Amino acid sequence: MGQYVKGDVLLASVALDDRTSPKTRPVVVIHTEEPGIARICPVSSKPPSDAPCIPISLDDFSEGGLDLFGESYVMTSRVLTLRSSDVIGKKGRLTAGSLAEITVRVPVSPRTGPAPVKKPGRSHKGR
């Protein structure tokens with residue numbers, strides 16, 4: 001596929017966590033990294049009960065949109081990495097205001113991601 005930019009809404013197969021199987025769903029690009037790599041937040045047709053989210057509707061798109069009649073929900077607490085080769089298609093692009101509202105609520109920096117987990121008793125010197 002091509003290069004994608006912050007604010008694009010794509011269709012991709014993503015797993016929300018280690019316990020779930022991948023599912024084809026819309027995702028919002030919140031940051032692009034090296035060519036072909038993007039940080040994304042998944043979109044759901046139902047608001048998650050255990051995590052923060054932001055509703056979006058057709059009014060939040062500057063071009064394109066989602067094939068739903070009601071609102072969808074951007075899961076801002078779930079930031080994932082996506083390769084452009086895993087993108088199925090592009091659904092549209094969010095307005096600058098809608099994108100700003102989403103990115104301000106992402107809990108970790110999309111540039112750096114969460115801090116690496118250090119395993120107890122292991123030294124990281126010399127790496």
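Bear in mind that the values in this text are calculations on the coordinates, not laboratory data. Treat the numbers as computed from the prediction; the structure is a model and nothing was measured. Ideal geometry is used to build each Cβ from the backbone, glycine not excepted, and the neighbour counts take in all protein chains shown.
So the values come out like this:
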{"read-out": "Taking all pairs of distinct alpha-carbon atoms in the range 8-103, Kirkwood radius in angstrom", "value": "13.3"}
{"read-out": "Label-to-label distance, nm, for residues given as residue 49 and residue 33 (7 Å Cα→Cβ offset)", "value": "3.3"}
{"read-out": "FRET efficiency, residue 63 to residue 23 (Cβ-Cβ, R0 25 Å, nearest 0.05)", "value": "0.50"}
{"read-out": "Aspartates and glutamates whose Cα lies under 16 Å from that of residue 90, excluding same-chain neighbours fewer than 8 positions away", "value": "8, 60, 63, 67"}
{"read-out": "Residue order, fewest to most beta carbons within 10 Å, for 19, 25", "value": "19, 25"}
{"read-out": "Cα Rg, Dmax (largest Cα-Cα span) when computed across the range 18-74, Å", "value": "12.6, 35"}
